[in-house]
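Reviewing the structure listed below.
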Amino acid sequence: MLLLAVPPASAQTTGSYSAPAEFMDLFFDFTGIGEPGYPAGQPTLGQMLTQAAIAKEAASAAPGALVMVVGSDIYVYDSASGIRLSREQFRADRASGFYELTAISHIGPALAYLAQIPAVALK
């Protein structure tokens, strides 16, 4: 596992609010390459995972399938011949787990919206 020692990100400021450095560190772990304060030379976790997958793929004898997600569909192609092996719609099937994962991922924004309703109503 690749671990990088990087200095903590400085807090980001907008107006009078300043995002705590710990939140900026977490944000930069996942994204934000073009953002001010992004630690120079630090790869995101997505980039690190991609590099690990490329290295593993290069070491294996057979190339893996090409997987594409377009809209609500997942396509799988044979990487050697280009022939489509499979197509699945992942939102259309209520038994796929999509709705459960979507619901869980929306808990945070839903709470933030609920917290803002009284503030908006008072304006």
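The values are calculated or read from the model by the stated rules, or taken from the named source; none is laboratory data. Nothing here was measured: the structure is a model prediction, and the numbers come from that model. When we count neighbours, we look across all protein chains shown, and the Cβ atoms used for this are built from the backbone with ideal geometry, even at glycine. Just the protein is used for accessible areas: all its heavy atoms, side chains included, with ligands, DNA and RNA removed. Shrake-Rupley method; radii C 1.70, N 1.55, O 1.52, S 1.80 Å.
Just checking, does region 72-93 include any residue being assigned to a helix (DSSP H, G or I) and not β-branched (Val, Ile, Thr)?
no
Assess whether residue 53 counts as being touching a Pro at 6+ places or on another chain (Cβ under 8 Å), over 30 Å from residue 21 (Cβ atoms) and either assigned to a loop (DSSP other than H, G, I, E, B) or without any contact (Cβ under 8 Å) to a residue 12 or more places away in the chain (or both).
For residue 53, the condition - touching a Pro at 6+ places or on another chain (Cβ under 8 Å), over 30 Å from residue 21 (Cβ atoms) and either assigned to a loop (DSSP other than H, G, I, E, B) or without any contact (Cβ under 8 Å) to a residue 12 or more places away in the chain (or both) - is not met.
Out of all the residues in region 27-42, which are touching a strand residue (DSSP E or B) at 6+ places or on another chain (Cβ under 9 Å) and of a type in the set (Asp, Glu)?
35
Go through the residues of region 37-45 one by one and say whether even a single one is over 18 Å from the mean Cα position of the chain (by Cα), in a helix (DSSP H, G or I) and not hydrophobic (A, V, I, L, M, F, W, C).
For region 37-45, residues over 18 Å from the mean Cα position of the chain (by Cα), in a helix (DSSP H, G or I) and not hydrophobic (A, V, I, L, M, F, W, C): absent.
Give all pairs with beta carbons closer than 9 Å in which a residue from region 80-94 that is farther than 13 Å from residue 64 by Cα and among the hydrophobic types (A, V, I, L, M, F, W, C) meets a residue that is part of a loop (DSSP other than H, G, I, E, B) and at pLDDT below 85; count only pairs at least 6 apart in sequence or on separate chains.
Sorted first by the residue in region 80-94, then by its partner, the pairs are 90/72; 90/96; 90/97; 92/72.
Taking residue 107 as meeting all but one of (1) farther than 27 Å from residue 21 by Cβ; (2) β-branched (Val, Ile, Thr); (3) open to solvent by 80 Å² or more (accessible area, probe 1.4 Å), write down the number of the exception.
The number of the failed condition is (1).
Select from region 65-104 the residues that are acidic (Asp, Glu) and modelled with pLDDT under 85 and write down the one among them that is most open to solvent (accessible area, probe 1.4 Å).
Among those residues, the one meeting the criterion is 100.
Filtering region 38-54 down to residues that are modelled with pLDDT of 85 or more and either among the hydrophobic types (A, V, I, L, M, F, W, C) or at positive phi (or both), which residue is surrounded by the most Cβ atoms within 10 Å (Cβ to Cβ)?
Per the criteria, the residue is 48.
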